[in-house]
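Please read the structure below before turning to the comments.
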Amino acid sequence: MEDRAVEERSQRAISARNKENYLKAKAAFNQKDMAGCMSYYAPDHHIRSRDFGPGREHIERFLSSMHESWPDLVIVVEHAVAEDDWVVGRCTTTATHAKTVMGAAPTNRQVQATFWDMHRFDADGRIVETWNLMDSLAIMQQLGLVPTQPK
């Protein structure tokens, strides 16, 4: 019984560390500290929701492109849940449409969208796999690429 309690405490500590690392990676991204952000990703990181092979360079390229397209992009983590070696987050992004995105000329309007991401962490607390889902329809509607539903 005591061994099980020790194991459960250890697992809670690992989950808490992973959640903290997830939040630190998001904070580094918001500060445009790509080196700091990438320090939370394993060298063999794999984006599972995109057609890329393993390698941290893919997530770095993706995240850097977000800053290029949306220079003032900010991610707010609304919820983060950690269990075992997994962390799932629901986040809100806000940015100014100041550059051409998805073929839409800049409007200088604020664009807001929600995304969900799920990460698996390794024994060292680094992200080894990522899945994400962005509300692209909301972005396209705000850019005027897709009509919004009448209220």
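The values are calculated or read from the model by the stated rules, or taken from the named source; none is laboratory data. Because the structure is predicted, anything quoted here is derived from the model rather than measured. Note that each Cβ is placed from the backbone with ideal geometry, even for glycine, and that neighbours are counted across all protein chains shown.
Listed values, structure above:
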item	result
Qualifying residue in region 100-120 (condition: of a type outside the set (S, T, N, Q), touching a Cys at 6+ places or on another chain (Cβ under 6 Å), surrounded by 14 or more Cβ atoms within 10 Å (Cβ to Cβ) and under 18 Å from Leu63 (Cβ atoms))	yes
Criterion: surrounded by fewer than 17 Cβ atoms within 10 Å (Cβ to Cβ), within 28 Å of Ser10 (Cα to Cα) and out of contact with any Pro (no Cβ under 9 Å at 6 or more places or on another chain) - qualifying residue of Ser49, Ser69, Ser39, Ser65	Ser39
Number of positions in region 82-110 that are without any contact (Cβ under 8 Å) to a residue 12 or more places away in the chain and among the aliphatic types (A, V, I, L, M)	1
Pair list, Cβ < 8 Å and 6+ apart or interchain, from region 129-151 residues that are farther than 19 Å from Arg50 by Cα to residues that are among the basic types (Lys, Arg) and at pLDDT 90 or above	Gln142/Arg109
Failed item in (1) modelled with pLDDT under 90; (2) part of a helix (DSSP H, G or I); (3) closer than 17 Å to Phe121 by Cβ, with Pro54 passing the rest	(2)
